[in-house]
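Structure record follows, encoded as structure tokens.
The values are calculated or read from the model by the stated rules, or taken from the named source; none is laboratory data. Keep in mind the model is a prediction, meaning the values are calculated, not measured. Every residue, glycine as well, gets a Cβ built from its backbone with ideal geometry; the counts of neighbours run over all protein chains shown. Side chains included, ligands, DNA and RNA excluded: accessible areas come from the protein's heavy atoms. Shrake-Rupley method; radii C 1.70, N 1.55, O 1.52, S 1.80 Å.
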Amino acid sequence: MNSILSSFYDDLVSIDGKSISTAQTYCFVVEIFFNWLNSENILISSVELQTLIKYLVWRQTQGMDSLTIAKDISALRSLGTYLVREKIWSENYALQLDRPKAEKHLPKVLSVEQVDALLNCIDVSTDLGIRDRALFELIYSCGLRISEVSNLLLQNLHLKERIIWVTGKGNKERLVPFGSEAENWLKKWLEVRPKFVGTKIVPTIFVNY
């Protein structure tokens, strides 16, 4: 199978237009596949869809994650294209394989100590610092996205009740309460906000110069 592997590499670069690094990666994957075929006493010409599925199951038992399996399938599809071109396979069985979706991991969150350190490093001796402290206190208190907090409207802020209307994805609105610390810094920000907007009518709570 070494001759197939060498010719496969040449075709990847010259015919399929793959980069050298991609061609090398695909050949590495295919070499693992060929070694598995040898261990199972299976000829490359005898490979069917069931063979490929059995191989991928074996790869998973070796601890390969979904991203690696997806890369394996991409390499096997390119191999199948080559083998059909060389009339070794009658069809590209690898095209029937579904690539697994990439695993989604929960986002990492900051600890309470890290959040406190972040908030305390803001220079609140300046008007911009007061604005930033109010902004981040509200984000932390309400669990808001940056896009949500940047579009918050003054008319939707109810300081006395400590609640705010938030417009999220798909223009879905929700009523969100916030804590006393966020209230405290919002009051301070609203006191200095006129320095930023002057005589302009700006509907959003947070503004730039």
Condition first: free of Cβ contacts under 8 Å to residues at least 60 places away in the same chain and part of a loop (DSSP other than H, G, I, E, B). Can you find one or more residues in region 66-77 that meet it?
no
When restricted to 58, 89, 36, the only residue assigned to a loop (DSSP other than H, G, I, E, B) and of a type outside the set (D, E, K, R) is 89
Mind listing whichever residues of region 147-204 are within 18 Å of residue 122 (Cα to Cα), without any contact (Cβ under 8 Å) to a residue 40 or more places away in the chain and within 35 Å of the chain's Cα centre (by Cα)?
183
Show the residue pairs that are 6+ apart or on different chains and have beta-carbon atoms under 7 Å apart, the first residue being within region 78-89 and among the aliphatic types (A, V, I, L, M), the second being part of a helix (DSSP H, G or I) and open to solvent by 10 Å² or more (accessible area, probe 1.4 Å).
88/44; 88/45
Every residue from region 140-154 that is touching a Leu at 6+ places or on another chain (Cβ under 7 Å) and either part of a loop (DSSP other than H, G, I, E, B) or open to solvent by 60 Å² or more (accessible area, probe 1.4 Å) (or both)
144
Could you go through region 46-67 and let me know if any residue there is touching a Lys or Arg at 6+ places or on another chain (Cβ under 8 Å) and open to solvent by less than 60 Å² (accessible area, probe 1.4 Å).
yes
Identify, please: which residue in region 155-184 is within 30 Å of residue 117 (Cβ to Cβ) and among the aliphatic types (A, V, I, L, M) and is, among those, surrounded by the fewest Cβ atoms within 10 Å (Cβ to Cβ)?
159
